[in-house]
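The values are calculated or read from the model by the stated rules, or taken from the named source; none is laboratory data. The structure presented is a predicted model; accordingly, all values stated were derived computationally and were not measured. Note: areas computed on protein heavy atoms with side chains; ligands, DNA, RNA excluded. Shrake-Rupley method; radii C 1.70, N 1.55, O 1.52, S 1.80 Å.
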Amino acid sequence: MSRPRLGVLISGRGSNLLAILEAVEHGELPVDVALVVSNRAEAAGLAHARGRGVPTRVIDRAAYPRRAARHAAILDALGEAGIDLVVCAGWDEILEPALVQVYAGRMLNVHPSLLPAFAGTIHAQRDALNHGVKISGCTVHFVTDDVDGGPIVLQRPVPVFESDTPVSLATRILVEEHIALPEAIRLWADGRLHFDGRRVRIAPP
Ligand code: GRF
């Protein structure tokens, strides 16, 4: 079977995209990153793709002020690129149901908390700190219309220290994101993820 074609959605720095690209380069991830879409022209992460000759598209508010039209354009771009699996890697928009439906069971997101705690916010690390949790972490889950509520593939915990700031906690969580996201993609690519209700069962290799 040919290698799955990955489409990655980014909005900013793109360190999770870089972790994916490096895992592919190191032969640890049997996929081809076929398209990177950013909803921000200035997203620094675009450079990771461009520097490697990975096709990129900027589909932003300037070109498509209305979200429905913007997401329809993203859906078209993913379709034209023959994308099998979509990965939201630091993506900051709630996706239109029409897009989510097309990629049901074929779209992953990484979120910087142990879901279902601190869902639906781009300030999950700050909120976790303010809430006083002693353990946080990251979650990779399938994307559904329930924002940050889709079936969980992997979670990786980190301790929260007395001295933590939102930045120091986010940095510690990010290290785990860079492990969890490529691992979840690998499990998907290897056909090892199976739904059991809302549980995701991971088949042995
Ligand atoms: C990550 O912490 C991700 O979980 C969150 O935003 C951050 C994006 O980081 N949604 P990057 O753009 O992948 O470096």
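Of N16, N109, N130, which has the largest mean-square fluctuation in a 10 Å C-alpha GNM of the chain?
N130
Quick one: Kirkwood hydrodynamic radius for segment 5-196, alpha-carbon pairs, angstrom, one decimal?
16.8 Å
Going by Cα centres, segment 36-79 and segment 93-136 are how many Å apart?
Taking the Cα centre of each part, segment 36-79 and segment 93-136 sit 21 Å apart.
May I ask what percent, to the nearest 5, of DSSP beta bridges between residues of segment 5-196 are antiparallel?
Roughly 40 percent of the beta bridges in segment 5-196 run antiparallel, per DSSP.
Per residue, how much accessible surface does segment 5-196 expose to a 1.4 Å probe? Answer in Å², no decimals.
For segment 5-196, the solvent-accessible area averages 44 Å² per residue.
If you count only protein heavy atoms and use a 1.4 Å probe, how large is the accessible surface of H131, to the nearest 10 Å²?
140 Å²
In segment 112-184, what is the volume of the convex hull around the alpha carbon atoms, normalised per residue and reported in Å³?
About 72 Å³ per residue, rounded to a whole number.
What part of the accessible area of the chain, given as a whole %, is carbon or sulfur when the probe is 1.4 angstrom?
55 percent
Counting alpha carbon pairs within less than 8 Å and at least 6 residues apart, what relative contact order, in whole percent, applies to segment 72-205?
19 percent
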